[in-house]
Amino acid sequence: MDSPFLNPGLLSHAAHVISSASEALETAETLRLFLEEGAAMRDHHPSPPAAEMEKLSASGILAITVPAEFGGADVSFETMIRVFQTLSAGDPAITQMTQSHFLFLQAVREDGSAEQKAGIFGAVLAGARLGNAQAERGGGSALDLATRLLPDKEGRLRLNGTKFYCTGAVLAHLLPVAAFDEQERFVLIFVPRHTQGLTVEEDWDAMGQRAAYSGTTIFENVAVSPDQVVPHYRLFERESIFHPFGQLLHAAIDVGIAENALADAVAILRGRIRPRLGAAVERADADPHVLLRFGQLETRMRAAKLLLRDAALALDTARADLTAETAGTAAIAVSAAKAYAEDAGLAVTNDLFSLAGASSTSGALGLDRHWRNLRTHTVHDANQWRYHAIGNYLLTDTLPGKPVRKLRVKP
């Protein structure tokens with residue numbers, strides 16, 4: 001039977017298959033250098049980064065979490081987060097286009113049937129990319145959804161709804177779509193990108209993460225076969241690390257942005273002779289206040305990276321022995337990493353300019369993209385609630401719950 005997940009003709013070339021964690025890390029570093037080279041230009045002149053996404057697909061980096069039994073490297077969460085941080089230090093917007101790709105591979109791993117796993121994992125190993133069609137506007141909560149998967153008069157499944165913040169959809173091969181079925185169960189439908197009735201609009205106009213193209217996707221009476229539907233509602237019937245993994249990927253993006261911003265600031269100060277006005281020194285890198293602040297920012301970055309690693313190791317522990325306690329403590333570790341990454345990142349991307357001086361504000365340098373990228377990426381998640389979850393656990397032993405999607409009935 002033909003796979004409902006991939007038309008081989010949509011892939012421009014065969015993808016390399018990465019076979020180990022060490023190869024994944026080496027490949028990520030090579031890709032970081034490639035992405036970093038054009039990041040400022042893509043921010044100034046955004047357009048769908050087709051060539052860059054093809055490069056990622058061909059490298060095999062997008063298949064490193066495919067389980068070993070399906071031919072993948074099946075890397076640990078600790079390796080995955082190191083890879084993601086590295087890519088984000090190159091270009092966080094392009095890296096964000098792959099966040100949902102890795103997250104929904106985890107969804108297939110947890111909730112997919114054997115046939116769905118074989119089809120989707122096989123497509124990804126061949127170079128396919130997963131996009132994102134989850135969030136919607138207009139509800140009373142970010143978790144409310146109105147998109148439905150319902151049978152028509154002939155009993156054929158049809159998908160209807162409008163999504164926003166569809167990061168990566170414009171260049172994806174498959175779109176995982178969040179919807180509620182006829183029984184009002186929460187499901188994921190894996191829809192090929194060029195299916196009739198599917199429209200991806202290039203209407204993303206945020207101040208940062210400009211190349212992420214997180215715009216609108218519309219589904220109008222899209223025909224769906226049952227084997228495209230993953231019963232994601234099962235996630236809420238058992239313990240899971242799906243949501244903490246998704247949040248840790250976001251944290252890794254924030255750390256990568258800050259890492260790149262700090263590296264840019266260091267490069268500027270190393271190449272500058274004239275000190276800031278008021279400093280009784282002959283060189284910029286001898287200003288005691290500059291040295292103090294760089295030391296503080298570097299310390300924050302080291303702490304952010306350690307929190308990332310600690311959270312990733314907690315996810316690995318939970319996957320090996322999944323219980324309410326291991327899943328919950330992993331979620332707390334992820335909250336710590338996510339909250340601190342935002343705080344540290346904002347400090348670095350803001351202080352970059354006061355440390356590097358007036359010339360650092362030149363539009364030609366594009367250093368403002370670091371702050372814009374970080375601020376754009378972090379506002380979707382209220383940081384205060386991350387700290388709240390940690391405090392609640394510390395004082396009352398309360399583990400965080402799962403964010404439950406709800407059906408929104410249109411008036």
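For the stretch 371-378, 3J(HN,Hα) computed residue by residue from phi via the Karplus equation (6.51, -1.76, 1.60; θ = phi - 60°) reads 5, 4, 4, 5, 5, 5, 6, 8 Hz, glycine and proline entered as x.
Among the lysines of the chain, pairs at least eight places apart or on separate chains and with Cα atoms under 27 Å apart come to 17. Placing a pseudo-label 7 Å from each Cα along the Cα-to-Cβ vector at ASP381 and THR30 gives an inter-label distance of 3.0 nm. The Cα-based radius of gyration and maximum Cα-Cα distance (Dmax) for the stretch 239-403 are 18.7, 60 Å. Here the Karplus relation 6.51 cos²θ - 1.76 cosθ + 1.60, evaluated at θ = phi - 60°, turns the backbone of the stretch 222-233 into coupling constants of 6, 6, 10, 9, x, 6, 8, 9, 9, x, 5, 4 Hz, with x for every Gly and Pro.
Could you tell me how far the Cα centroid of the stretch 259-312 sits from the Cα centroid of the stretch 346-384, in Å? Here the two parts' Cα centres lie 14 Å apart.
Quick check: the distance between the Cα centres of the stretch 31-108 and the stretch 178-211, to the nearest angstrom? With the stretch 31-108 and the stretch 178-211 each reduced to a Cα centre, they are spaced 20 Å. Counted by Cβ distance under 13 Å from ALA73, the other residues give a net charge of -4, where Lys and Arg count +1 and Asp and Glu count -1. Charge tally around VAL187: other residues with Cβ under 11 Å, Lys/Arg +1 each, Asp/Glu -1 each, net 0. Shown in residue order for the stretch 136-149 are the 3J(HN,Hα) couplings computed by the Karplus curve 6.51 cos²θ - 1.76 cosθ + 1.60 at θ = phi - 60°: 9, 9, x, x, x, 8, 5, 8, 7, 10, 10, 5, 10, 10 Hz (x for Gly and Pro). What's the local net charge at ALA344, with K and R +1, D and E -1, over the other residues with C-beta under 14 Å away? Net of charged neighbours comes to +1.
By the count of neighbouring beta-carbon atoms within 10 Å, fewest first, PHE186, PHE34 end up ordered PHE34, PHE186.
Per-residue ellipticity at 222 nm, computed for the chain from helices alone with -39500 (n - 2.57) per DSSP H run of at least four residues, works out to -16500 deg cm²/dmol. The stretch between SER20 and LEU143, if pulled fully straight at 0.36 nm per residue, gains 40.6 nm over its current Cα-Cα span. Charge dipole of the chain (Cα centre as origin; +1 on each Lys and Arg Cβ, -1 on each Asp and Glu Cβ, all else neutral): 720 debye, rounded to the nearest 20. Pair-distance distribution of the stretch 1-136: all C-alpha pairs, bin width 10 Å, starting at 0; shares per bin in whole percent are 12, 44, 34, 9, 0. When each of VAL124, VAL187, VAL266, VAL222 is scored by the number of other beta-carbon atoms lying within 10 Å, the sequence from fewest to most is VAL266, VAL187, VAL222, VAL124. For ALA146, the residues whose modelled amide H falls within less than 5 Å of its own, excluding neighbours fewer than 5 places apart on the same chain, are ARG408.
Here, each number is a calculation from the coordinates, and none is a lab measurement. If you're wondering where the values come from, they're calculated on a predicted model, not measured in any experiment. We place every Cβ from the backbone using ideal geometry, glycine too, and count neighbours over all the protein chains shown.
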